[in-house]
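Here's the structure we're looking at; comments come further down.
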């Protein structure tokens, strides 16, 4: 395949991403060939998006971040967990849910659902830490929410678990408190959404763990039905 043809083929694969984000995007791809076979191009859309997010400066949170926390897990995950924003430890390591709340989430996934954490996908609405762990402000959410929506579209999980008010309200474009959304039949782009308490809330209010276990059992039932 000529260089011109290669560029044309790659352009076709990436046209939607370029139209969405604009500008010059990095090209995480692999070109492979075998004897007497046409060359093929494999584009990783999640890696492409991660490259875009890594250099994002669309809101003021980029000024104080140490690391962008894109999210982690399997691109083929059947369940996606959505939180609010990175905390101090997440900002240090560039990974979501690595502190005490993260350990609780890992226990919920691995001990409760009996799924390896690495087989899920864990992400936050915002990819940069707000100062003092405050709630993300409206303009900060507006700048970052398209990235979350793109992550959902790429991974296409069977169930989304929205953890806490900020995650649930912004993902679903609703303004009810968590207590009013729990247990309700909710969807995002046709994907069932289970709303539950944020693990950090559970650490402060252990009695609410019973509620979360009910929510997780519901998520597991939805996974079985999908």
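The values are calculated or read from the model by the stated rules, or taken from the named source; none is laboratory data. On a predicted model such as this, the values are computed, not experimentally measured, just so you know. As a convention, Cβ positions derive from the backbone with ideal geometry for all residues, glycine included, and neighbour counts pool all protein chains shown.
If I ask for residues that are within 13 Å of residue 69 (Cα to Cα) and surrounded by 23 or more Cβ atoms within 10 Å (Cβ to Cβ), which ones from the stretch 92-113 would you list?
Those that are within 13 Å of residue 69 (Cα to Cα) and surrounded by 23 or more Cβ atoms within 10 Å (Cβ to Cβ): 96, 97.
Let's see how each residue does on (1) surrounded by 19 or more Cβ atoms within 10 Å (Cβ to Cβ); (2) touching a strand residue (DSSP E or B) at 6+ places or on another chain (Cβ under 6 Å); (3) under 22 Å from residue 209 (Cα atoms):
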site	(1), (2), (3)
90	yes, no, no
115	no, no, yes
130	yes, no, no
140	yes, no, no
147	yes, no, no
154	no, no, no
170	yes, no, no
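Scan the stretch 88-120 for residues that are closer than 25 Å to residue 140 by Cβ and touching a residue at least 60 places away in the same chain (Cβ under 8 Å) and report the count.
5
Those residues that are part of a helix (DSSP H, G or I) and within 16 Å of residue 147 (Cα to Cα), I need them from the stretch 61-74; list them, please.
61, 62
Mind listing whichever residues of the stretch 173-201 are in a loop (DSSP other than H, G, I, E, B), surrounded by fewer than 17 Cβ atoms within 10 Å (Cβ to Cβ) and either in contact with a helix residue (DSSP H, G or I) (Cβ under 9 Å, 6 or more places away or on another chain) or touching a residue at least 40 places away in the same chain (Cβ under 8 Å) (or both)? Steps first, please.
Initially, the stretch 173-201 is screened for residues in a loop (DSSP other than H, G, I, E, B), giving 173-177, 182-185, 189-190, 197-198.
Next, from what is left, pick out any that are surrounded by fewer than 17 Cβ atoms within 10 Å (Cβ to Cβ): 173-177, 183-185, 189-190.
Correct list: 174, 175, 176, 177, 183, 189.
Find the residue count for the stretch 51-88, including only residues that are under 14 Å from residue 131 (Cβ atoms), exposed (fewer than 15 other Cβ atoms within 10 Å of the Cβ) and within 14 Å of the chain's Cα centre (by Cα).
The qualifying residues number 0.
Among 126, 170, which is under 25 Å from residue 66 (Cα atoms), in a loop (DSSP other than H, G, I, E, B) and modelled with pLDDT of 95 or more?
Values: 170 fails: in a loop (DSSP other than H, G, I, E, B).
Criteria check complete, one pass: 126.
Take the residues in the stretch 134-147 that are part of a helix (DSSP H, G or I) and out of contact with any helix residue (DSSP H, G or I) (no Cβ under 7 Å at 6 or more places or on another chain), then tell me which one is nearest to residue 70 (Cα to Cα).
Top of the filtered list is 144.
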